[in-house]
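Structure, as structure tokens:
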Amino acid sequence: MKYLYSQLDKDNFSWFAQDMSVASLTEIDLRRGSLRGLNGFQIKITYPISVIAGKNRSGKSTILAMACCAFHNRKEGFKLPERRLTYYSFSDFFLQTSEEVPLEGIAIFYRIMHNNWKKSKYAPDGSGNLFQSRVKRRGGKWNNYDRRVKRNVVFLGVQRVVPHSEKSISTSYRTYFSDQAPAGWETEVKEVVGRILGASYDSFWMKTYGRYHLPLVANRGNIYSGFNMGAGENALFEIFSIIHATPKGTLLVIDEIELGLHEAAQKKLIKELKEVCRERHIQVICTTHSAAIIEAVPPEARFYIENFSGKTSITPGISSAYAAGKLSGEKSNELDIYVEDGKAETIVEPFLSNDVRKRVSIIPIGSPITIIRHMAGRYKEKRKAECICVMDGDQAAKIRHHMKKFLEALENSKDTEKEIEWFEQRLVFLPGKTWPEKWLIQTLRSIDLSELAEILRISKEELSSYIEDATSAKKHDEIYILAKSLSLNHQHACSTICQWLSRVKNEEFALIDQKIR
């Protein structure tokens, strides 16, 4: 489904692009070295919430750690009760035993939109979206932490969902907790959590003992504490209590943000975080395995991470279906591509990258009118899954006819302009102005055949002769005749030719590629 941008999204894009007072992190760039299996990659951030998905061991948590280490903080800055320092360093996340290879030879560049840079030719007035690096040379230490841009950063790991009843500290000191003075944001927190969980809390407050805290709520006259809360409920009170306790512009980093929450609550959580981002200009970077979380944020906020043979790949703008397919190891089927027949399928498929093939299904439907009727059926579906249709090149001259037939197939047209626009956006044609087999033969006649001849283990001259013979074949029989001359199976010959053409004539499929993307 196409993402619908709300006014809330637009407001968040706007302030994130303009407010330099909060030092928003806009890019993470690992330029040199390897960090827990991650190698050179970039993540460019344009929205205040960033959601990173990927399989276990793909490096999601490492990216969160890198984000936390982008900033320093003042001594009087915010810190979680259990922390000694107000800032994070790499030693907080990258602990090692003597047997492990130490981190070294690493250079991480962070692009930060900031209004208090040292004045230079890059920032004459001290403002700009500039890079600051963290470097660890071989045998050395990380460069000076205190030179980092100052910002409040809070990291919330998966331990936030561990029930208080399973925390030895909480159980040991349960009788020592006492009410703390109201901070002023308790009512707002209990209302936010109530909206997410569909609950109506009478009140919410915190009890503390030293650096430990315990949430309590009153609900319809019943009082219960964190000892008797669900994991998700407990985590929500912690997240929003921290958000409202921190100053404006805080960077909140959350590992596996969906933990303990059902799908509907996950979507509401993102909605509430968007509201907080707009109001308090905070930034959130989180990881997830949840399609619901991914679907709830704009495409610009979505990233999928994976590693292939020591190379890190970050795919931005993913759909929830794509992520779900990747995580399950199955095709996501987020886009259906309708073609006329198996020949068109054979032509289209090789021009798609492996990444795209995993996201789409190519479906031979039949004649152009059959495709049109199928598209009309998809339009009438209440929940429209994405689709496009790829007709043969000889149908390109009949666009008006196709539009007319589409409206007729709808049977009960209500908004002609909207319906035509929908179909037009999803209609594209194979290259050439003729049927596919003839286009293939014409294309082969116009290019150097040396490489193809070598693949087919035939002389270039003999291949050219067979191609010329195929030009006189009956309509749609051209590739069949060529395959017969080559003593090859018809399907194999067509597939081999199309695979080769996918490299040498890739530009011919630019329009189809644009429609797919």
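Which numbered condition in (1) under 42 Å from the mean Cα position of the chain (by Cα); (2) loosely packed, with under 13 Cβ neighbours inside 10 Å; (3) in a helix (DSSP H, G or I); (4) modelled with pLDDT of 90 or more is the only one that E461 fails?
The failed condition is (1).
Taking the range 74-93, which residues are open to solvent by 60 Å² or more (accessible area, probe 1.4 Å) and outside any loop (DSSP other than H, G, I, E, B)?
Correct list: S91, D92.
Can we say D19 is acidic (D, E) and touching a His at 6+ places or on another chain (Cβ under 7 Å)?
It is true that D19 is acidic (D, E) and touching a His at 6+ places or on another chain (Cβ under 7 Å).
I need the full set of residues from the range 253-284 which are open to solvent by less than 50 Å² (accessible area, probe 1.4 Å), part of a loop (DSSP other than H, G, I, E, B) and on the phi < 0 side of the Ramachandran plot, in order please.
Correct list: D255, I257, E258, L259, L261, I282.
Specify the residue that is farthest from E386 (Cα to Cα); the eligible residues are those in the range 473-501 that are hydroxyl-bearing (S, T, Y) and open to solvent by less than 60 Å² (accessible area, probe 1.4 Å).
Among them, the one singled out is S485.
Determine which member of the set G126, G139 is open to solvent by 60 Å² or more (accessible area, probe 1.4 Å), on the phi > 0 side of the Ramachandran plot and not aromatic (F, W, Y).
Going through G126, G139 in turn, the sole match is G139.
Assuming W117 fulfils every condition listed in (1) in contact with an Asp or Glu (Cβ under 8 Å, 6 or more places away or on another chain); (2) over 21 Å from A65 (Cα atoms); (3) buried (at least 16 other Cβ atoms within 10 Å of the Cβ) apart from one, which condition is it?
Of everything listed in (1) in contact with an Asp or Glu (Cβ under 8 Å, 6 or more places away or on another chain); (2) over 21 Å from A65 (Cα atoms); (3) buried (at least 16 other Cβ atoms within 10 Å of the Cβ), W117 misses just condition (1).
Which numbered condition trips up L452, out of (1) farther than 20 Å from G393 by Cα; (2) within 41 Å of the chain's Cα centre (by Cα); (3) surrounded by fewer than 19 Cβ atoms within 10 Å (Cβ to Cβ)?
Going through (1) farther than 20 Å from G393 by Cα; (2) within 41 Å of the chain's Cα centre (by Cα); (3) surrounded by fewer than 19 Cβ atoms within 10 Å (Cβ to Cβ) one by one, L452 breaks only (3).
What pairs can you find where one residue is in the range 233-249 and under 15 Å from R278 (Cα atoms) and touching a residue at least 60 places away in the same chain (Cβ under 8 Å), the other is open to solvent by less than 20 Å² (accessible area, probe 1.4 Å) and assigned to a helix (DSSP H, G or I), and their Cβ atoms are less than 9 Å apart, with a gap of 6+ or different chains?
Going by the 9 Å Cβ cut-off, the qualifying pairs are H244/V189; H244/V192; H244/V276.
Within the range 434-449, restricting attention to residues that are within 22 Å of A396 (Cα to Cα) and charged (D, E, K, R), which residue is surrounded by the fewest Cβ atoms within 10 Å (Cβ to Cβ)?
Here the residue is K438.
Before we move on, is I108 in contact with a Leu (Cβ under 6 Å, 6 or more places away or on another chain) and of a type outside the set (F, W, Y)?
Taking the combined requirement at face value, the residue satisfies it.
Residues being outside any loop (DSSP other than H, G, I, E, B) and either open to solvent by 10 Å² or more (accessible area, probe 1.4 Å) or touching a Ser or Thr at 6+ places or on another chain (Cβ under 8 Å) (or both): count how many of those fall in the range 64-73.
So the count comes out to 2.
How about the range 235-250: which of its residues are under 15 Å from G157 (Cα atoms) and open to solvent by 10 Å² or more (accessible area, probe 1.4 Å)?
E238, I242
Examine the range 502-517 for a residue that is in a loop (DSSP other than H, G, I, E, B), open to solvent by 100 Å² or more (accessible area, probe 1.4 Å) and out of contact with any Gly (no Cβ under 6 Å at 6 or more places or on another chain), and state whether such a residue exists.
yes
Taking the criterion of being under 30 Å from M20 (Cβ atoms) and at pLDDT 95 or above, would at least one residue in the range 305-317 satisfy it?
Among the residues of the range 305-317, not one is under 30 Å from M20 (Cβ atoms) and at pLDDT 95 or above, which makes the answer no.
Does at least one position in the range 395-413 carry a residue that is under 21 Å from F351 (Cα atoms), at pLDDT 90 or above and buried (at least 18 other Cβ atoms within 10 Å of the Cβ)?
yes
Which fully enclosed strands (runs of 3 or more DSSP E) of the range 1-62 have 1 or more residues being open to solvent by 50 Å² or more (accessible area, probe 1.4 Å)?
24-32, 41-44
Picking from R195, R160, which residue would you name as being within 27 Å of P247 (Cβ to Cβ), at pLDDT below 90 and touching an Asp or Glu at 6+ places or on another chain (Cβ under 7 Å)?
Of R195, R160, the one residue that is within 27 Å of P247 (Cβ to Cβ), at pLDDT below 90 and touching an Asp or Glu at 6+ places or on another chain (Cβ under 7 Å) is R160.
Within the range 414-427, is there a residue that is in contact with an Asp or Glu (Cβ under 6 Å, 6 or more places away or on another chain), over 22 Å from K484 (Cα atoms) and in contact (Cβ under 8 Å) with a residue 24 or more places away in the chain?
no
The values are calculated or read from the model by the stated rules, or taken from the named source; none is laboratory data. Source: prediction; values computed, not measured. All Cβ positions, even for glycine, are placed from backbone atoms using ideal geometry, and neighbour counts span all protein chains on display. For the accessible areas, the whole protein counts, side chains as well, though only heavy atoms, and no ligand, DNA or RNA atoms are used. Shrake-Rupley method; radii C 1.70, N 1.55, O 1.52, S 1.80 Å.
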